[in-house]
Amino acid sequence: MRVFSGVQPTGALHLGTLIGALAPWVREQARHENLFCIVDLHALTIPESVHPDRLHATVRDVAALYLASGIDPDHSTIFVQSQVPAHAELAWVLTCVTPLGWLERMTQFKSKSGASGHVGAGLLTYPVLQAADILLHDTDLVPVGEDQRQHVELTRDIAQRFNHLFGETFVVPTAVIPSAGARVMGFDDPSTKMSKSVAATKTGHAIGLLDPPDVIRRTVMRAVTDTGRETRFDHASPGILNLLLIHEALSREPRAVIEARFEGRGYGELKAAVADQVIATLAPIQQRFTELRADPEALTRMLDDGAERVRPRARATMDRVRRAVGLSIPPSPRTEGNGA
Ligand code: AQP
């Protein structure tokens with residue numbers, strides 16, 4: 001099976017990104033052929049939040065966090081989306097076959113366009129770029145957090161519509177959502193998904209993967225909860241359930257074991273245990289990140305190499321797409337010297 005997934009370099013990666021995406025990628029990577037992308041074109045979707053002087057460094061930091069979290073470059077290819085221009089080329093073709101109503105229905109578009117002062121067209125169409133990211137590489141499986149399920153469903157719809165209009169061209173991919181921790185909520189508000197953009201403006205919302213232990217402990221201890229003592233998964237209030245789910249995702253213990261541990265204890269004990277667990281999980285990641293970051297050239301070389309490895313398949317898919325819709329096929333890069 002070929003796996004594709006990615007993260008936007010839009011800010012500090014948080015515990016939700018680790019539990020919902022990076023950790024499941026690492027757990028499954030030996031079983032599949034994996035492509036893990038840093039989707040920097042997506043980072044332009046809200047231009048007001050782009051920092052041109054920092055984007056490049058953020059991309060490298062995300063690459064270092066992939067490696068530090070356990071992505072093994074011998075099993076998995078890591079590359080930067082904008083280094084493979086076929087992603088943008090395919091996105092245009094797919095935009096032309098995507099009905100406007102499908103995009104207007106996306107819940108992320110609705111929530112982000114409501115929060116943004118002015119709405120760029122990219123905010124509406126970026127799920128099509130995401131579809132192109134996935135379909136370009138003949139992806140079978142897309143491991144993502146729950147918030148991305150709708151976008152992978154859209155990708156399937158776009159692939160099927162294209163195949164119907166122009167003949168079998170794309171593999172129709174399947175979303176893989178983790179059974180534990182698919183939607184980590186904000187510590188300040190357990191009704192909102194933990195997200196980078198909220199974390200950038202509110203303290204106490206998220207735990208960044210590079211946060212020091214004292215910040216982690218403070219954030220967890222101040223997590224919004226109710227005033228009761230209920231620590232069973234099925235009966236807990238949203239704030240406590242969020243802590244229990246984080247505990248479950250990090251410890252990989254059965255729910256019954258976790259419930260027995262905290263039965264009849266106060267919320268303080270649960271919070272302290274979760275804080276300890278998050279600190280212990282992040283410590284080796286942070287140490288490895290610091291080592292990797294000390295050699296930015298090595299990270300750049302790895303990313304260049306990753307883009308080189310994925311270009312031939314990207315080119316083959318684009319040749320298939322061009323043939324299907326009747327566009328001419330450009331000459332081979334071997335004779336012309338230009339990549340896909
Ligand atoms: N809170 C979360 N719980 C579980 N999984 C999550 N993911 C993100 N937040 C959570 C998963 O992480 C992967 C990468 O996401 P992304 O950073 O590319 O985009 P996003 O989902 O839009 O993340 P944010 O933090 O909300 O970023 P902003 O604020 O920039 O939009 C995906 O698999 C996602 O499901």
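Odds and ends about this structure:
Here's the yes/no breakdown for (1) of a type outside the set (Phe, Trp, Tyr); (2) farther than 23 Å from residue 153 by Cβ; (3) touching a residue at least 60 places away in the same chain (Cβ under 8 Å); (4) within 13 Å of the ligand (Cβ to nearest atom):
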residue	(1), (2), (3), (4)
74	yes, yes, no, no
93	yes, no, yes, no
101	yes, no, no, no
106	yes, no, no, yes
111	yes, no, no, yes
119	yes, no, no, no
127	yes, no, no, yes
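- Pairs with Cβ under 6 Å, 6+ apart, first in segment 271-287 and within 30 Å of residue 229 (Cα to Cα), second open to solvent by 20 Å² or more (accessible area, probe 1.4 Å): 271/221; 275/217; 277/250; 279/213; 281/250
- Within segment 164-221, the set of residues being more than 26 Å from residue 288 (Cα to Cα) and more than 15 Å from the ligand (Cβ to nearest atom) comprises 164, 165, 166, 167, 168, 169, 170, 171, 172, 221.
- In segment 1-112, counting only strands (runs of 3 or more DSSP E) that sit wholly within it, the ones holding 2 or more residues that are within 12 Å of the chain's Cα centre (by Cα) span 2-7, 33-38.
- Top-ranked residue in segment 133-148 [being farther than 18 Å from residue 196 by Cα and among the β-branched types (Val, Ile, Thr); ranked as farthest from the ligand (Cβ to nearest atom)]: 139
- Any chance residue 151 is under 13 Å from the mean Cα position of the chain (by Cα), under 30 Å from residue 315 (Cα atoms) and either away from the ligand (no atom under 14 Å from the Cβ) or open to solvent by less than 20 Å² (accessible area, probe 1.4 Å) (or both): yes
- Checked against (1) under 27 Å from the mean Cα position of the chain (by Cα); (2) loosely packed, with under 12 Cβ neighbours inside 10 Å, residue 300 meets all criteria but (2).
- Once segment 1-37 is narrowed to residues that are more than 9 Å from the ligand (Cβ to nearest atom) and without any contact (Cβ under 8 Å) to a residue 60 or more places away in the chain, the residue that is most open to solvent (accessible area, probe 1.4 Å) is 31.
The values are calculated or read from the model by the stated rules, or taken from the named source; none is laboratory data. Keep in mind it's a predicted model, so treat the numbers as computed, not measured. Quick reminder, even Gly has a Cβ in these numbers, built from the backbone with ideal geometry, and neighbours come from all protein chains shown. Quick note on the areas: whole protein, heavy atoms, side chains included, nothing else; ligands and nucleic acids left out. Shrake-Rupley method; radii C 1.70, N 1.55, O 1.52, S 1.80 Å.
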